[in-house]
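The values are calculated or read from the model by the stated rules, or taken from the named source; none is laboratory data. Keep in mind that what you see is a predicted model, and the values were worked out from it rather than measured. Here the Cβ is made from the backbone with ideal geometry for all residues, glycine too, and neighbour counts use every protein chain on show. Note: accessible area is taken over every heavy atom of the protein model, side chains too, but ligands, DNA and RNA are not part of it. Shrake-Rupley method; radii C 1.70, N 1.55, O 1.52, S 1.80 Å.
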Amino acid sequence: MLSAIMVYRVLPTTNHDTTKLIHLILHGIALVLGAVGIYFAFKNHNESGIANLYRLHSWIGIGTITLYGIQVRSCI
């Protein structure tokens, strides 16, 4: 996510629309990677016999990715 924010500082001479597109693409990649991470966490828990979503840390992670997805979706 930090790299998406840094696009505006690293590429100051680029066209504004191009910078916004790069920013959106990097946020989209971050969202997809977050969703893949959650998928593999559930897969690992299921294969290991560990209960899913029994700790606050799991709920905070799901909430963070959900809110991040809503934020990215509102940018489109």
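Test Val36 against the stated conditions and say whether it is touching a residue at least 40 places away in the same chain (Cβ under 8 Å) and in a helix (DSSP H, G or I). In short, no. Of all residues in the range 46-59, those satisfying the criterion of being part of a helix (DSSP H, G or I) and loosely packed, with under 10 Cβ neighbours inside 10 Å are Glu47, Ser48, Leu56, His57.
Is the range 3-24 home to any residue that is open to solvent by 60 Å² or more (accessible area, probe 1.4 Å), of a type in the set (Gly, Ala, Ser) and over 15 Å from the mean Cα position of the chain (by Cα)? Checked the range 3-24: no residue is open to solvent by 60 Å² or more (accessible area, probe 1.4 Å), of a type in the set (Gly, Ala, Ser) and over 15 Å from the mean Cα position of the chain (by Cα). Among the criteria (1) surrounded by 15 or more Cβ atoms within 10 Å (Cβ to Cβ); (2) closer than 25 Å to Ser74 by Cβ; (3) of a type outside the set (Phe, Trp, Tyr), the one Ala41 does not fulfil is (2).
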